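The values are calculated or read from the model by the stated rules, or taken from the named source; none is laboratory data. Just so you know, these numbers come straight off a predicted model, no measurement behind them. Here the Cβ positions follow ideal geometry from the backbone for every residue, glycine too, while neighbour counts run over all protein chains shown. For the accessible areas, the whole protein counts, side chains as well, though only heavy atoms, and no ligand, DNA or RNA atoms are used. Shrake-Rupley method; radii C 1.70, N 1.55, O 1.52, S 1.80 Å.
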Amino acid sequence: MAQTLSREQHLDLYYYMRLNRSLEERMVRLFRQSKIVGGLYSSLGQEGISVGTAYALEARDWMAPMIRNIGALLVKGCKPRDIFTQHMAKYTSPTLGKDGTSHFGDLKTKHIVSPISMLGDLIPVLAGVGIAGRYLGQKIVAMTWIGDGGTSTGVFHEGMNFAAVQRAPLVCVVENNQWAYSTPVKRQVPIRNLAERAKSYGIASAIVDGNDVLAVYQAAKDAVERCRAGDGPVMIEAKTHRMRGHAQHDPAEYVPKAMVEYWTAQDPIGRYEKYLTNAGLWNEKKKAEIDARIERELDEDQKFAEESPLPPAELAEQGVFCDGCHEIKARWERPVEEVTPPRCSIEMDGWTVEDFGQLENIETEKMESVAVSKLAPSDQRSENVSGDAKSGVRSGGQKNTGAKSPARHPLRKGKN
Amino acid sequence: MAAVTMVEAIRQALSEEMERDPAVVLIGEDISVYGGAFKVTEGLLNKFGWERVIDTPISESAIIGAAVGMSYMGLRPVAEMQFIDFLACAFNQMTNFVAKSHYRWGAPVPMVVRGPSGGGVHGGPFHSANPEMYYAHTPGLKVVYPSTPYDAKGLLKSAIRDNNPVLFLEHKFLYRRIKEELPEGEYTVPLGKAIVRREGADLTIISYAAMMHTSLEAAEKLAAEGISAEVIDLRTLMPLDKETILASVKKTSKLLIVHEDTRTGGIAGEIAAMVCENAFEDLDGPIQRVTSLDTPVPYSPPLEERFLPGVPDVMRAARELAQY
Ligand SMILES: Cc1ncc(C[n+]2csc(CCOP(=O)(O)OP(=O)(O)O)c2C)c(N)n1
Ligand SMILES: [Mg+2]
């Protein structure tokens, strides 16, 4: 597992997960001191997903985080001060106080698209990023995240389907943390694995133990490579659990205690610490060094944020339109002659779409009608989703070779 | 040089901009091989290839979303809505993602959304929309609605070159009904500038898109009755050219606004308020408006005719105002 990662990289993963957690712990304290202006969301217990997936990206790649992906922002090069100042609505924040939380980005160097609150909207946007990258000859991959609840939006479907037909280099990480606000995933979708949906889009998918950062990293790495090779989008379902309420205001009394206990034992940082120790990748001294570094960095950035001013009121009136403040320039990594006439022209002597119109492609013999009552429940028929949390990405649209055993739900042991 | 239709003028703008700048790409439903429902993009696939003329599934939110993503990569996508009514399906993307991007985090969105709009062709409740005010009301979007082939071409070029998202509305009644000779060489028409289509002394009529022609016809007939109407074509609704409006109101002291959009919340109300704020002393009569009814656009010809403002409606209002 993850032999490709060096010792430094293994420690990197720990550093980012711990930084993510410590940063959020500090923000909870700031929230209680009324120093956070708006709401505060927690990614406690989900750090392995943010960090493991983003760690599979290269500097040239693009991403758009959701609200519980502070870890991904840190991996992509954002500083804790960005997160502190955003939440505290400071003038020194990346958005100068115009927006909060993880709603910021960086087009120029870090290649981060700012999310908006409306769930699902990022999917087609990141598909567009990927398609544009391909057009410009850049070998980039676009990654975004969505919750179990977010997958129920119409735009999620539009975006995934669009990405699929375009074979966009898009990695969509579905964080199945069992809850969407107060709604359990079973009331969100009638299927066991959200990754089953990948099959209907004809794209590759994987299911991974979201609390195992190395498994997450490996799945993401496979997905990114697949995308970069031009094989189209990949959906990764990471099973995990939201360990706090929807946001600070929510005590989450609707979450069964047994569930919290089960998942507490699955804490991704605790598990990874044990792994590092058992694998001999660090010792107490090394851990203490990293932890001290994190505290130092957080001290400094928190101080910076707390001492930063709020924005001047006049700022409210500025920046609705770009009045020449930005120079917009595409970064071409292929000769533009390839896409300008006459070289890009097409002779249209009648037209065909590849693979379309050939009658043998219409597999009539497989379309025998089945009485509705005889249809198997979807989880028994799924076969392109991987039952082994640690295995890599499987292709969509595989030949049906009969039902395989359903993917094991991490909750099974504890609950089902 | 032969006169061209609005469709041809728009196609010329797209083609010339795509030749000028490889960052310009088209995205929409049935726009490649088929050339779009109204054949606006016909022939562009041949010239620019599949990568630049992108057909999509029937997914308006995905079209607008993908265009945003492309914009962030430095491209200048032009998204076609098969009918502008369907932009409502991507209302969220337009008003929340597109419009707020530059303000929130300084990320410009240099995209154009264009599509056939307006009534008069018996399109019924879902193929006749004049959606300008939903979007003009949303800070961060520019809205253009031309009335002539010349303007359509010049404004679309400006819209594509603009660093901001522009909603470019094309009145489908005008697509093939009017023709105009266009200059040989390259030209653009600036966004945010209205134009005085006809000089006059007694009252000002402000309009745009198809109602521009209704207003001009009415002005012609009013002249025969001895009423001299000045006619202004807004061309761009957002940003609104307040200067041209106020200068004309100061000259004629009377203002009539004509639009095909429904009455309540139409731009007439906004213009009236703006004029009252800035030129109340100059007014010699109550600001009047001629608009369509506050109903959906009905299908059957006599119903749609009743719904749409016509030349007699404009003349009646103008006469009353002139006599005031
Ligand atoms: C389109 C939309 N509807 C409603 C909301 C309000 N809302 C914010 S987060 C949330 C729950 C999201 O659940 P999930 O997608 O599972 O993500 P999680 O919070 O579990 O990370 C809801 C309903 C929203 N942001 N967007
Ligand atoms: Mg959830």
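Against the definition (open to solvent by 10 Å² or more (accessible area, probe 1.4 Å), more than 16 Å from ligand 2 (Cβ to nearest atom), small (Gly, Ala, Ser) and in contact with a Cys (Cβ under 9 Å, 6 or more places away or on another chain)), how does A:GLY100 come out, yes or no?
no
Among the residues that make up segment B:257-271, is at least one of them open to solvent by 10 Å² or more (accessible area, probe 1.4 Å) and over 19 Å from the mean Cα position of the chain (by Cα)?
no
Considering only residues that are free of Cβ contacts under 8 Å to residues at least 60 places away in the same chain and within 16 Å of ligand 2 (Cβ to nearest atom), which ones fall in segment A:124-157?
Selection gives A:ASP148, A:GLY149, A:THR151, A:SER152, A:THR153, A:PHE156.
I'm checking my understanding of the structure. Among residues of segment A:112-147 that are at the interface with another protein chain (Cβ under 10 Å from one of its Cβ atoms) and open to solvent by 20 Å² or more (accessible area, probe 1.4 Å), which one is farthest from ligand 1 (Cβ to nearest atom)?
A:ARG134
Considering A:VAL174, A:VAL234, which residue is within 23 Å of A:TYR254 (Cβ to Cβ) and more than 14 Å from every other protein chain (Cβ to nearest Cβ)?
Result of the check over A:VAL174, A:VAL234: A:VAL174.
Taking the stated definitions as given, is A:VAL165 surrounded by 24 or more Cβ atoms within 10 Å (Cβ to Cβ) and either facing chain B (nearest Cβ under 7 Å) or away from ligand 1 (no atom under 16 Å from the Cβ) (or both)?
no
Would you mention how many residues in segment A:242-255 are more than 12 Å from ligand 1 (Cβ to nearest atom) and in contact (Cβ under 8 Å) with a residue 12 or more places away in the chain?
So the answer is 3.
Out of all the residues in segment A:155-163, is one or more in a loop (DSSP other than H, G, I, E, B) and out of contact with any Cys (no Cβ under 7 Å at 6 or more places or on another chain)? Break it down into steps so the answer makes sense when it comes.
Step one: of segment A:155-163, the residues in a loop (DSSP other than H, G, I, E, B) are none.
Looking for residues that are in a loop (DSSP other than H, G, I, E, B) and out of contact with any Cys (no Cβ under 7 Å at 6 or more places or on another chain), one finds none in segment A:155-163, hence no.
Find the residue count for segment B:220-267, including only residues that are free of Cβ contacts under 8 Å to residues at least 24 places away in the same chain and not in a loop (DSSP other than H, G, I, E, B).
Residues in segment B:220-267 being free of Cβ contacts under 8 Å to residues at least 24 places away in the same chain and not in a loop (DSSP other than H, G, I, E, B): 5 in total.
Going through segment B:150-170 one residue at a time, which ones are closer than 13 Å to B:MET6 by Cα and surrounded by fewer than 24 Cβ atoms within 10 Å (Cβ to Cβ)?
Result: B:TYR150, B:ASP151, B:GLY154.
I'm checking my understanding of the structure. Among residues of segment B:90-103 that are among the small types (Gly, Ala, Ser) and assigned to a helix (DSSP H, G or I), which one is surrounded by the most Cβ atoms within 10 Å (Cβ to Cβ)?
Filtering first and then ranking leaves B:ALA90.
If I ask for residues that are polar (S, T, N, Q) and away from ligand 2 (no atom under 16 Å from the Cβ), which ones from segment A:111-123 would you list? Step through it out loud before you land on a result.
Of all residues in segment A:111-123, those polar (S, T, N, Q) come to A:114, A:117.
Hit for segment A:111-123 is A:SER114, nothing else.
Do any residues in segment B:86-106 that are in contact (Cβ under 8 Å) with a residue 24 or more places away in the chain have Cβ atoms under 8 Å from those of residues that are within 16 Å of ligand 2 (Cβ to nearest atom), where the two are at least six apart or on different chains, and which pairs are they?
Pairs that qualify, where the first residue is in contact (Cβ under 8 Å) with a residue 24 or more places away in the chain and the partner is within 16 Å of ligand 2 (Cβ to nearest atom), are B:ASN92/A:MET118; B:PHE97/A:MET118.
Going through segment A:84-102 one residue at a time, which ones are under 19 Å from A:LEU122 (Cα atoms) and at the interface with chain B (Cβ under 7 Å from one of its Cβ atoms)?
Matches in segment A:84-102: A:THR95, A:ASP99.
Of all residues in segment A:179-207, which are within 14 Å of ligand 2 (Cβ to nearest atom) and assigned to a loop (DSSP other than H, G, I, E, B)?
Correct list: A:TYR181, A:SER182, A:VAL189, A:LEU194.
Determine, yes or no, whether B:GLY185 is modelled with pLDDT under 95 and open to solvent by less than 50 Å² (accessible area, probe 1.4 Å).
Here the answer is yes, as B:GLY185 does meet what is asked.
Hey, could you check segment B:51-89 for residues that are in a loop (DSSP other than H, G, I, E, B) and closer than 21 Å to B:ALA13 by Cβ and say which is nearest to the other protein chains (Cβ to nearest Cβ)?
As a first pass, look at segment B:51-89 and keep what is in a loop (DSSP other than H, G, I, E, B): B:51-52, B:56-59, B:73-75, B:81-83.
The next check asks that each one be closer than 21 Å to B:ALA13 by Cβ; those that pass are B:51-52, B:74-75, B:81-83.
On the way: B:GLU51: 5, B:ARG52: 6, B:GLY74: 3, B:LEU75: 5, B:MET81: 14, B:GLN82: 15, B:PHE83: 18 Å.
Restricting to residues being in a loop (DSSP other than H, G, I, E, B) and closer than 21 Å to B:ALA13 by Cβ, the top hit is B:GLY74.
Just to be sure, is A:GLY133 part of a loop (DSSP other than H, G, I, E, B) and either more than 16 Å from the chain's Cα centre (by Cα) or not hydrophobic (A, V, I, L, M, F, W, C) (or both)? Walk me through it before giving the result.
On the way: part of a loop (DSSP other than H, G, I, E, B): no; either more than 16 Å from the chain's Cα centre (by Cα) or not hydrophobic (A, V, I, L, M, F, W, C) (or both): yes.
No: the conditions fail for A:GLY133.
Among the residues of segment A:32-44, is there at least one that is at pLDDT 95 or above, in contact with a strand residue (DSSP E or B) (Cβ under 6 Å, 6 or more places away or on another chain) and within 16 Å of ligand 2 (Cβ to nearest atom)?
No - not one qualifying residue is present in segment A:32-44.
Looking only at segment A:53-83, filter to residues that are more than 16 Å from ligand 1 (Cβ to nearest atom), within 14 Å of chain B (Cβ to nearest Cβ) and assigned to a loop (DSSP other than H, G, I, E, B); which one of those is most open to solvent (accessible area, probe 1.4 Å)?
A:ARG60
Look through segment A:168-199, keep the residues that are crowded, with 24+ Cβ neighbours inside 10 Å and of a type in the set (Gly, Ala, Ser), and return whichever of them is nearest to ligand 1 (Cβ to nearest atom).
Looking at the filtered set, the residue picked out is A:ALA195.
I want to confirm something. Restricting to segment B:31-47 and keeping residues that are in contact with a Ser or Thr (Cβ under 9 Å, 6 or more places away or on another chain) and under 26 Å from B:TYR72 (Cα atoms), which single residue is most open to solvent (accessible area, probe 1.4 Å)?
B:LYS47
Do we have A:PRO94 as more than 16 Å from ligand 2 (Cβ to nearest atom) and free of Cβ contacts under 8 Å to residues at least 60 places away in the same chain here?
So A:PRO94 passes the test.
Quick check on A:LEU107: is it open to solvent by less than 20 Å² (accessible area, probe 1.4 Å) and of a type in the set (A, V, I, L, M)?
Details: open to solvent by less than 20 Å² (accessible area, probe 1.4 Å): no; of a type in the set (A, V, I, L, M): yes.
So A:LEU107 does not fit the description; no.
Six or more apart or on different chains, Cβ atoms under 6 Å: show the pairs whose first residue is in segment A:173-194 and farther than 24 Å from A:TYR217 by Cβ and whose second is in a helix (DSSP H, G or I) and away from ligand 2 (no atom under 12 Å from the Cβ).
Listed pairs, sorted by first residue: A:ILE191/A:SER378; A:ARG192/A:ASP379.
Across segment A:148-162, what is the number of residues that are of a type in the set (Gly, Ala, Ser) and near ligand 1 (Cβ under 7 Å from one of its atoms)?
Total satisfying the criteria: 2.
Among the numbered conditions (1) in contact with a helix residue (DSSP H, G or I) (Cβ under 7 Å, 6 or more places away or on another chain); (2) among the hydrophobic types (A, V, I, L, M, F, W, C); (3) open to solvent by 10 Å² or more (accessible area, probe 1.4 Å), tell me where A:ALA252 comes up short.
Of everything listed in (1) in contact with a helix residue (DSSP H, G or I) (Cβ under 7 Å, 6 or more places away or on another chain); (2) among the hydrophobic types (A, V, I, L, M, F, W, C); (3) open to solvent by 10 Å² or more (accessible area, probe 1.4 Å), A:ALA252 misses just condition (1).
Within segment A:313-328, identify whether any single residue is of a type outside the set (D, E, K, R) and away from chain B (no Cβ under 14 Å), and answer yes or no.
Yes, segment A:313-328 contains at least one residue that is of a type outside the set (D, E, K, R) and away from chain B (no Cβ under 14 Å).
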